[in-house]
Each structure stands twice: as C-alpha cells, then as structure tokens.
C-alpha cells in the first residue's frame with residue numbers, strides 16, 4: 001500500500017473512531033448530525049478542511065476532522081493536523097509572560113523599556129500589563145509594512161517599524177485598541193527575561209511539559225510542523241494556496257501551529273492549573289480596567305465576558321489561509337476548539353453553535 005493511501009485509510013479510521021467515541025461519551029446521533037451539518041462546507045470534495053474537538057467535564061465528547069489539510073497532496077485533515085493558530089497564539093504568549101512572572105523574573109507593571117531599551121521614546125510609559133490587555137496605545141506594526149514587501153517581518157522588526165510613528169494613539173491604560181504589536185513585543189520581553197529564544201521557551205515551558213508534541217512556534221529553516229495544514233483562499237477559479245503573508249513569521253502574535261488533539265492537553269492544563277495557579281489564571285480571565293474606571297472585554301490573551309453570571313472566554317484567529325477559534329465556558333467545564341485552513345468562514349460562530357448543543 002502506498003504511503004498516501006495508507007494515510008488516507010488511517011485518517012478515515014480516525015474519523016470513524018472519533019464519531020463512535022463521541023456517541024459513546026455524550027455526543028448522541030442527533031448532535032453528531034448537527035455538527036456534521038455545520039462543517040458540511042469543509043467536507044466538500046477537494047476543499048480545505050477543519051478539525052473540531054468538544055471537551056466536557058474533562059473528557060473529549062466529540063472529535064472529528066473534515067476535508068483536506070493539503071490540497072495538492074490530497075492529504076486529509078485529521079485530529080492531529082497542525083494549523084497555524086493566528087491570534088489564538090496570544091494565549092500562549094500571555095502564558096509565557098505569566099510563567100516568568102510566577103518565576104519572579106518580571107512583573108506585569110514593569111516598563112516595557114526596561115526589557116526592550118530600543119522601544120521608541122514616545123512609548124516609555126507602556127507596561128507589560130498594557131501589552132497583555134491591548135491598552136498600550138501602540139501603533140500597529142503592520143501599518144508600516146508595504147504591501148509590496150516580499151521578505152517576512154520578524155518579531156524584532158516590530159520595534160523598528162513602530163519607531164516610524166512619533167506618538168501613541170492614547171495614554172497607556174486609558175483606552176482599548178486591539179494590537180498585534182503588543183504581542184510581538186511580548187515575545188521579545190520573554191526572550192529578554194528568560195535568556196532563550198521565544199520559540200524555545202514555549203517548547204521548554206509549555207509544549208513539552210504538557211505533551212503537546214505536535215505544537216511549535218514555527219520558524220522557516222529552523223523548525224518543522226509535523227502534521228502541517230496549508231492555508232488556502234478561494235476565487236472564481238477555485239482554491240489557491242495562500243499559506244504565508246509578509247507578516248506570518250511574527251511569532252508572538254500568531255506564529256504557533258497546533259492541533260485539536262494538542263489543544264485538549266492545553267485545555268486540561270488550564271482547568272487543572274498545571275502551569276500557573278488558579279489565582280494567576282483568574283487574572284488572565286479578568287477584563288482590564290481603564291484609567292476612567294470602565295472595563296474592557298479583554299484579559300491576558302483572552303476575550304472575557306459574563307453571560308448571565310457565567311464566565312465565557314474565547315479567542316478567534318484569522319490570517320492568510322487560516323481561521324480558528326477556541327471557546328471556553330469554565331464554570332460549565334465546556335470547551336470547543338475549531339481549526340480551519342481556509343481564508344473564509346466564521347469558526348467562532350460555529351464553536352458557539354456546537355457549544356450550545358452541550359451546555360447545561
């Protein structure tokens with residue numbers, strides 16, 4: 001049997017097992033049919049796909065993949081397929097900062113310039129906390145990257161790019177403005193405080209301890225993605241690979257690849273407080289308060305809201321060729337992760353509809 005056909009048989013077998021397991025553990029036939037219908041566009045012949053997992057009370061109750069991870073090679077998506085997370089990466093970057101804070105290596109109220117002396121002078125009042133909760137007022141580094149640029153921007157380039165500005169959008173802490181710049185700079189802070197490259201820190205302190213063997217902050221020519229999905233966009237002539245942009249090499253704001261299988265391990269660590277204490281995790285799930293006294297809806301790497309008194313935390317990620325989402329209801333011990341390798345669709349809306357099938 002050829003390697004490609006063997007992979008197809010394994011993928012089909014995994015999908016069958018996942019559905020059967022879901023029915024045995026809480027996803028009855030009606031729920032399975034509903035979820036399959038939500039992912040019908042992803043299972044169309046020759047289309048880029050998706051992987052989904054539902055975790056309820058610490059157990060996987062549904063796990064399945066649809067469509068293709070690699071259209072050119074006809075590789076089916078699977079629960080172990082690794083997708084580029086885009087902004088879902090931010091919760092891992094935030095966790096790296098939280099770990100260093102627990103180590104006593106830095107504090108949330110440290111000035112960013114303490115760790116990054118090259119920070120432009122106009123940003124000297126910005127703190128690490130401001131970067132975490134998007135209240136820094138820093139410019140988007142992407143605003144200074146020409147569309148015609150062919151080489152990829154790295155995290156360190158963000159410092160030079162924002163130096164082209166001469167002021168903040170607003171005084172630190174006075175307003176909320178979602179910004180990838182903050183998380184690119186946080187990756188540099190992690191490097192400065194830990195003494196190791198950001199990608200290696202994630203591997204040593206998060207991925208390896210949790211058994212997330214397929215997860216990596218991907219660097220071209222340095223690391224590999226073991227079960228890689230490639231990103232695609234569609235036009236009138238069909239699907240085309242659009243896997244990388246000129247900002248795809250920035251790690252802190254969106255460079256992690258992982259699978260729904262590894263995200264089960266991540267979810268377990270969050271629930272069991274394996275990496276940081278319950279108090280530290282609660283801080284990450286507490287919306288920032290502005291200097292005016294009003295609250296935002298963002299903590300440390302997570303959007304945060306209370307629905308009828310119950311905590312809801314989530315994050316979406318969108319980049320060229322990938323759209324993803326994680327949705328957690330911690331009080332109900334319910335998590336849904338949707339990862340896709342196409343430049344369309346609304347995974348967070350799908351995650352919400354899936355979660356509604358399992359909520360108490």
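The values are calculated or read from the model by the stated rules, or taken from the named source; none is laboratory data. Given the structure is predicted, the values throughout are model-derived calculations rather than measurements. Using ideal geometry, Cβ is built from the backbone for each residue, glycine included, and neighbour counts are taken over all protein chains shown.
The set of residues in the stretch 227-246 being touching a strand residue (DSSP E or B) at 6+ places or on another chain (Cβ under 6 Å), over 24 Å from residue 145 (Cα atoms) and part of a loop (DSSP other than H, G, I, E, B) consists of 227, 229.
Yes or no, residue by residue, for (1) at pLDDT 95 or above; (2) buried (at least 23 other Cβ atoms within 10 Å of the Cβ); (3) in contact with a strand residue (DSSP E or B) (Cβ under 7 Å, 6 or more places away or on another chain); (4) not in a helix (DSSP H, G or I):
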| residue | (1), (2), (3), (4) |
| --- | --- |
| 33 | yes, no, no, no |
| 37 | yes, no, no, no |
| 41 | yes, no, no, no |
| 52 | yes, yes, yes, yes |
| 55 | yes, yes, yes, yes |
| 62 | yes, yes, yes, yes |
| 65 | yes, yes, yes, yes |
| 78 | yes, yes, yes, yes |
| 93 | yes, yes, no, no |
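Matching residues to (1) within 18 Å of residue 86 (Cβ to Cβ); (2) out of contact with any helix residue (DSSP H, G or I) (no Cβ under 6 Å at 6 or more places or on another chain); (3) in contact (Cβ under 8 Å) with a residue 40 or more places away in the chain:
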{"residue": "296", "(1), (2), (3)": "no, yes, yes"}
{"residue": "314", "(1), (2), (3)": "yes, yes, no"}
{"residue": "317", "(1), (2), (3)": "yes, no, yes"}
{"residue": "323", "(1), (2), (3)": "yes, no, yes"}
{"residue": "343", "(1), (2), (3)": "yes, yes, yes"}
{"residue": "346", "(1), (2), (3)": "yes, yes, no"}
{"residue": "349", "(1), (2), (3)": "yes, yes, no"}
{"residue": "357", "(1), (2), (3)": "no, no, yes"}
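Among the residues of the stretch 95-130, those that are under 24 Å from the mean Cα position of the chain (by Cα), crowded, with 16+ Cβ neighbours inside 10 Å and part of a helix (DSSP H, G or I) comprise 95, 96, 97, 98, 99, 100, 101, 112, 128, 129, 130. Just to verify a result, which residue in the stretch 298-312, among those that are assigned to a loop (DSSP other than H, G, I, E, B) and touching a helix residue (DSSP H, G or I) at 6+ places or on another chain (Cβ under 7 Å), is surrounded by the fewest Cβ atoms within 10 Å (Cβ to Cβ)? The extreme case among them is 299. Of the candidates 250, 336, the single residue that is modelled with pLDDT under 95, crowded, with 21+ Cβ neighbours inside 10 Å and either assigned to a helix (DSSP H, G or I) or touching a helix residue (DSSP H, G or I) at 6+ places or on another chain (Cβ under 8 Å) (or both) is 250. Annotation: residue 137 fulfils all but one of (1) closer than 15 Å to residue 171 by Cβ; (2) not in a loop (DSSP other than H, G, I, E, B); the unmet one is (2).
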